[in-house]
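*Asks:* Supplied in structure tokens, the structure appears directly below.
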Amino acid sequence: MDHEDLRHWSKRAADWAADYHARLRERPVRAPLVPGATRAALPPHPPEAPEDPAAIWADFERLVPGAMTHWQHPRFFAYFPANAAPASIWAEQVANAMAAQCMLWQTSPAATEMEQVMVDWLRQALGLPEGLAGTIHDSATTATLSAVLTMRERALGFAGLARGLSGAPVLRLYASTQTHSSVDKAVRLAGIGQENLVKLPAGPDGSMDPRDLAAAIAADRAAGHLPAGVVVCAGGTSTGAFDRAGEVIAVARAEGLPSHVDAAWAGSAMICPEFRHLWAGAEAADSIVVNPHKWLGAQFDCAVQFLADPGPQVRTLGLRPDYLATPGAEEIVNFNEWTVPLGRRFRALKLWFLLRAEGLAGLRARIRAHVAWAEAAAAAIARLPGVQIVTPPRLALFTFALAAGDAATEALLARLNDGGEVYLTPTRTAGRSVIRVSVGGWSTTEADVNHLVACIRAALG
Ligand SMILES: *Cc1c(COP(=O)(O)O)cnc(C)c1O
């Protein structure tokens, strides 16, 4: 295949993509689950001779779309949205075509400088204070790992990088029970250890009690442990719980500990001033992660980490081997020093296209609509016989269950998902099996949300 073939087949792909998106409603949201079906349809060995692009394309159409879960489907109410606005898909097409490695300023001048400006555009859009810097990671998991590694090194006076952790004091990290499993992964990978992530109970309002945090830190110090930092939950994945960020960060500061706010999902909603009270005080954190690749519409991957002072993170993650030496290191930023991988994609381009094509007003209108539709759906579902709302809408996420118990709730979820018209996912809260409803798809309409309520009503028989 040469570049002239690519011209032809990428036009085909663009037409296919437009049709795919236009007709998503006709597909089942989740692929009928038959484990092994795709594997069985693929040849067990790679081809020796080149194959015709037409054959590759035909097999793609035959094998792949029908075996996918359609994340851009307007009736996808599972997990959290992973939205791909048209403008961001468009940007990815050209970023892919340039296929640049954006590790150093000199390997990607426009990408590096656009990343600086887009992080600042997003900072302004979210109402965060001037002076925060930031970078774009692949995922919130990596951003949180970066923050936790930095917390570790700050606690150790940056000695762990050279000496390792053997012989070091026991490091301790604090978070609520509502924080995402990426925090567990970070403490495991950072060598802190799962047992040293202190999970503080979340109260009825979804927040840890800042007094519990202070007490846990004091107890750890008394035991000779070394507290390293606090992770603040701003929109938990299970039920959308929020810590009282300002109070939690105040305790961290009083203890001399850095803080990291995980707002991977809910952060996008903070473009609307009326929702900012939910994370009030977050702006005082050392680090904040927001995933524009969730609700905002910048297609995966795009996780923005804001940093009050990038210095400690760059000191933790940055390396300057001879073969990466660049001139003018004073005026420029080499973003690989801020992140875990060396190689980096040109992720800022899709933010630039997205923010321009939609405008903040357009993005706000969408998020406000999702929140309003979620509230209306929760009210309608609450009126169905035998159904209980278990956690009320937090932004556009709520959970419900059947009064008849866990088995009945799980059976209802299976019926709904097998029907293919909607897709929802489960969680557990307050000791119960519940069904999550997460509204926020880029193409979701009010009619789709009403249809969800109708599907639930019908599935109740
Ligand atoms: C989705 C999510 C994550 C993980 O995001 P990735 O970008 O997939 O790593 C972390 N925390 C919260 C609160 C999330 O919603």
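*Asks:* If you roll a 1.4 Å probe over the heavy atoms of the protein chains, what accessible area per residue do you get for the chain, in Å²?
*Replies:* Working: 20690 Å² over 461 residues.
I get 45 Å² per residue for this part.
*Asks:* Out of all DSSP beta bridges with both ends in the chain, state the antiparallel percent to the nearest 5.
*Replies:* Counting only bridges with both partners in the chain, antiparallel ones make up about 60 percent.
*Asks:* Let me ask something else about it. Indicate the gyration tensor shape class of the stretch 209-352 (rounded, prolate or oblate), computed on the Cα atoms with a ≥ b ≥ c the square roots of the eigenvalues: a/c under 1.5 is rounded; otherwise a/b larger than b/c is prolate and the rest oblate.
*Replies:* Because a/c hits 1.5 or more and a/b fails to exceed b/c, the stretch 209-352 counts as oblate.
*Asks:* When the accessible area of the chain is split by element with a 1.4 Å probe, what percent falls to carbon and sulfur?
*Replies:* 57
*Asks:* What percentages make up the Cα-Cα pair-distance distribution of the stretch 101-345 when the bins are 10 Å wide from 0?
*Replies:* 8, 33, 36, 19, 4, 0
*Asks:* Which whole-number percent gives the relative contact order of the chain, counting Cα pairs below 8 Å spaced six or more residues apart?
*Replies:* It comes to 22 percent, rounded to a whole number.
*Asks:* Just to confirm the filter: which GluC sites (Glu not before Pro) across the stretch 331-372 are DSSP coil and have at most 11 other Cβ within 10 angstrom of their Cβ?
*Replies:* Sites meeting the loop and neighbour criteria: Glu331.
*Asks:* Out of all DSSP beta bridges with both ends in the stretch 101-345, state the antiparallel percent to the nearest 5.
*Replies:* 40
*Asks:* Separate question: Given charges of +1 on the Cβ of Lys and Arg and -1 on the Cβ of Asp and Glu, with all other atoms neutral, how large is the dipole of the chain about its Cα centre, in debye to the nearest 20?
*Replies:* Approximately 1040 debye in magnitude.
*Asks:* State which stretch of the chain is the longest one without any exposed trypsin sites (Lys or Arg not before Pro), exposure meaning a DSSP loop state and at most 14 other Cβ atoms within 10 Å.
*Replies:* So the longest stretch without any such site is 24-382.
*Asks:* Now for a different question. At a probe size of 1.4 Å, how large is the accessible area of Asp59, to the nearest 10 Å²?
*Replies:* Solvent-accessible area, nearest 10 Å²: 60 Å².
*Asks:* In whole Å, what is the distance between the alpha-carbon centres of the stretch 23-87 and the stretch 423-452?
*Replies:* 23
*Asks:* Can you sort Asp2, Asp301 by solvent-accessible area, 1.4 Å probe, largest first?
*Replies:* So the residues, ranked largest to smallest area, are Asp2, Asp301.
*Asks:* What do you get for Rg/Rh over the stretch 348-461 if you use C-alpha atoms and the Kirkwood form of Rh?
*Replies:* 1.05
*Asks:* Could you point to the residue in Pro32, Asn417, His70 farthest towards the positive end of the chain's charge dipole, with +1 and -1 charges on the Cβ of Lys/Arg and Asp/Glu respectively?
*Replies:* Farthest towards the positive pole: Asn417.
*Asks:* For the stretch 101-345, what's the relative contact order in percent, using C-alpha pairs closer than 8 Å and at least 6 residues apart?
*Replies:* Averaging sequence separation for qualifying contacts and normalising by length gives 26 percent for the stretch 101-345.
*Asks:* Considering the dipole of the stretch 101-345 built from charges on the beta carbon (Lys and Arg +1, Asp and Glu -1) around the Cα centre, which of Pro109, Pro169, Gly281 is farthest to its positive end?
*Replies:* Pro169
*Asks:* Could you tally up the Lys pairs in the chain with alpha carbons closer than 22 Å? Skip any pair fewer than 8 positions apart unless they're on separate chains.
*Replies:* Numbers: Lys11/Lys350; Lys185/Lys199; Lys185/Lys294; Lys294/Lys350.
Count of close lysine pairs: 4.
*Asks:* GluC sites (Glu not before Pro), restricted to the stretch 109-155: which are DSSP loop and have at most 16 other Cβ atoms within 10 Å?
*Replies:* Glu130
*Asks:* For the stretch 39-176, what is the relative contact order in percent, using Cα pairs closer than 8 Å and at least 6 residues apart in sequence?
*Replies:* Relative contact order comes out at 8 percent.
*Asks:* In Å, what Rg and Dmax follow from the Cα atoms of the chain?
*Replies:* Rg then Dmax for the chain, in Å: 23.4, 70.
The values are calculated or read from the model by the stated rules, or taken from the named source; none is laboratory data. Just so we're clear, the structure is a prediction, and the values are computed from it rather than from any experiment. A quick note on method: Cβ atoms are made from the backbone with ideal geometry, for glycine too, and the neighbour counts reach across all protein chains shown. Side chains are part of the model used for accessible areas, which takes the heavy atoms of the whole protein and leaves out ligands, DNA and RNA. Shrake-Rupley method; radii C 1.70, N 1.55, O 1.52, S 1.80 Å.
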